[in-house]
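Working notes for the structure below.
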Amino acid sequence: MGSGPGAGGRGRWFLLPVLGVAMLLLAGAGAFFGARSYEGSRASQSCGSYSCIPRLEAETVVKALQDQGHTCTVDSNHRSCELHIGFVRFRASLQVSDELIHAMTVDVYRAAPVGETGLAYLNWFATLPYAGDPETSAQIEEWVAEQVNGNKDTRAVIGDYQYRLTNPETYAVELSIRGNF
């Protein structure tokens, strides 16, 4: 079973939508970042009683995710977006104050080890606070990849933000980012 003609094709058909999402996310991230000025993004911005990512409006992130096929729900201080492709689920939860993001939780679940698509999704969110800083963004991407590939649970303080990556199993990864109080 599975060794006849076309058996390998099913795997390729499954990968096409996943690769498509990765390309859309990467293309969307470029357009999203290119349209914004993140000068001085190292410092968090006060928003109510929280530390928020400066000038990063929750609705801008929600729109970028919806443009990539996510279904989103909104309530007063929370935005939740989810996308299912085959056996892969991408989910983002944004905590909002004064229309700015003060905390994000992102997770990727799939029926196979988290690969390049999952890493691209996690990295898109992980680098949001430092979108205008390619050096810090590259270091964050390296850190995320090391934790995911090493199947580690870890925390780090990067600039003004607390990062927590939970990798309870090879198939699920959760990344949380909060202003460093």
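Checking each residue in the range 149-167 for being among the hydrophobic types (A, V, I, L, M, F, W, C) and under 13 Å from the mean Cα position of the chain (by Cα) picks out only LEU165.
Residues that are of a type in the set (Lys, Arg) and either out of contact with any Lys or Arg (no Cβ under 9 Å at 6 or more places or on another chain) or in a strand (DSSP E or B) (or both) were ranked within the range 89-123; the one that is most open to solvent (accessible area, probe 1.4 Å) is ARG91. Within the range 161-175, the set of residues being under 22 Å from HIS102 (Cβ atoms), surrounded by fewer than 19 Cβ atoms within 10 Å (Cβ to Cβ) and touching a residue at least 40 places away in the same chain (Cβ under 8 Å) comprises just one member, GLU174. Say whether the condition of being open to solvent by less than 30 Å² (accessible area, probe 1.4 Å), β-branched (Val, Ile, Thr), at pLDDT below 80 and touching a helix residue (DSSP H, G or I) at 6+ places or on another chain (Cβ under 9 Å) is met by at least one residue in the range 14-26. Taking every residue of the range 14-26 in turn, at least one turns out to be open to solvent by less than 30 Å² (accessible area, probe 1.4 Å), β-branched (Val, Ile, Thr), at pLDDT below 80 and touching a helix residue (DSSP H, G or I) at 6+ places or on another chain (Cβ under 9 Å). Applying a threshold of 8 Å to beta carbon distances and a minimum spacing of six or more residues, or different chains, the list of pairs starting in the range 60-86 at a residue that is without any contact (Cβ under 8 Å) to a residue 12 or more places away in the chain and ending at one that is surrounded by 13 or more Cβ atoms within 10 Å (Cβ to Cβ) and part of a helix (DSSP H, G or I) reads CYS72/VAL62; CYS72/LEU65; CYS72/GLN66. Of all residues in the range 124-142, those that are in a loop (DSSP other than H, G, I, E, B) have Cβ atoms under 6 Å from Cβ atoms of residues that are of a type in the set (S, T, N, Q), 6 or more apart or on another chain, in THR127/SER137; GLY132/SER41. What number of residues within the range 144-158 are open to solvent by 50 Å² or more (accessible area, probe 1.4 Å) and either outside any strand (DSSP E or B) or in contact with a Ser or Thr (Cβ under 8 Å, 6 or more places away or on another chain) (or both)? Summing the residues that are open to solvent by 50 Å² or more (accessible area, probe 1.4 Å) and either outside any strand (DSSP E or B) or in contact with a Ser or Thr (Cβ under 8 Å, 6 or more places away or on another chain) (or both) in the range 144-158 gives 5. If you go through the range 55-111 and keep only what is of a type in the set (Asp, Glu), modelled with pLDDT of 95 or more and in contact with a strand residue (DSSP E or B) (Cβ under 9 Å, 6 or more places away or on another chain), you end up with just GLU82.
The values are calculated or read from the model by the stated rules, or taken from the named source; none is laboratory data. As the structure is a computational prediction, the values presented were derived from the model and not from experiment. Here Cβ is always computed from backbone atoms with ideal geometry, including for glycine, and neighbour counts include all displayed protein chains. The protein model used for the area step is the full one, side chains on, heavy atoms only, and it has no ligands, DNA or RNA in it. Shrake-Rupley method; radii C 1.70, N 1.55, O 1.52, S 1.80 Å.
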